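Note sheet for the following structure.
Since every read-out is calculated from the coordinates, none of them should be taken as a lab result. All figures in this text were calculated on a predicted structure; none of them were measured in a lab. Here the Cβ is made from the backbone with ideal geometry for all residues, glycine too, and neighbour counts use every protein chain on show.
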Amino acid sequence: GVVRGELAMVTADWVLGRHDAAPDWVVALRDVVSVVPSGGTPVTSRGEVQRRMTWRQAWNALVRDRDEVHVLRRDGSSVRGIPVVTGFDHVEIAGELVPYEAVVAVRCPR
């Protein structure tokens, strides 16, 4: 589907999109087909540390915040819940182990 919003951060693994007061979207960069600029000011350059942030680091932040997320998976299914544990290649949500490779996008509170 289409995710609309300001491109707030880009890493080697994922992008962060923000749209007004709506929840943020974290989208797997491998699943981004195109980006259409809407004009305005371009996204500022990020430091090397931010560009190197991995999926696991993003999930660690979501686990720390203990907020409910909505995960959209590559097979079209989804899971909602509070992420509780991250592993090397997966996250546990609602009693289910979700591989990072299966995640297309995560809708999460700010």
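From zero outward in steps of 10 Å, how is the percent of C-alpha pairs of the chain spread across the bins?
Histogram of Cα-Cα distances, whole percents per bin: 14, 49, 32, 6, 0.
Applying the Karplus parametrisation 6.51 cos²θ - 1.76 cosθ + 1.60 with θ = phi - 60° to the phi angles of segment 87-100, what ³J(HN,Hα) value in whole Hz is obtained for each residue in order, glycine and proline being reported as x?
x, 4, 9, 7, 10, 9, 9, 6, x, 10, 8, 10, x, 4
For segment 1-39, state which trypsin sites (Lys or Arg not before Pro) are in a DSSP loop and have at most 16 other beta carbons lying within 10 Å of their beta carbon.
Here the sparse-neighbourhood loop sites are Arg4.
On a full-extension model of 0.36 nm per residue, what is the gain between Leu29 and Arg73, subtracting their alpha-carbon distance, rounded to one decimal in nm? Each step should come with its number before you reach the end.
Values: separation 44, 0.36 × 44 = 15.84 nm, distance 1.37 nm.
Computed gain between Leu29 and Arg73 is 14.5 nm.
Find the relative contact order for the chain and round it to a whole percent, using C-alpha pairs within less than 8 Å whose residues are 6+ positions apart.
Details: 189 pairs, mean separation 27.9, N = 110.
The value is 25 percent.
Would you grab the residues whose amide H sits under 5 Å from the one on Val91? Only those 5+ places off in sequence or on another chain, please, with H modelled 1.01 Å from N.
Residues meeting the criterion, in which the H sits 1.01 Å from N, are Val98, Tyr100.
With a sphere of radius 11 Å drawn around the Cβ of Val69, what net charge do the other residues whose Cβ falls strictly inside it have (Lys, Arg +1; Asp, Glu -1)?
Within the 11 Å Cβ shell, the charges total -1.
Once amide H atoms are placed 1.01 Å from N in the peptide plane, what residues at a sequence separation of 5 or more from Met53, or on another chain, have their amide H within under 5 Å of its amide H?
It is Ala12, by chain and number.
Given the -39500 (n - 2.57) contribution per DSSP H run of 4+ residues, what per-residue ellipticity at 222 nm results for the chain, rounded to the nearest 500 deg cm²/dmol? Walk me through the numbers on the way to the answer.
Working: 2 runs with 15 residues, N = 110.
About -3500 deg cm²/dmol.
If amide hydrogens are placed 1.01 Å from N in the peptide plane, which non-local residues have theirs closer than 5 Å to the one on His19?
Residues meeting the amide H criterion: Glu6.
From the Cα trace of segment 50-110, what convex hull volume per residue do you get, rounded to a whole Å³? Before the final figure, lay out each step's value.
Working: hull volume 5.0 nm³, N = 61.
For segment 50-110, the hull spanned by Cα atoms encloses 82 Å³ per residue.
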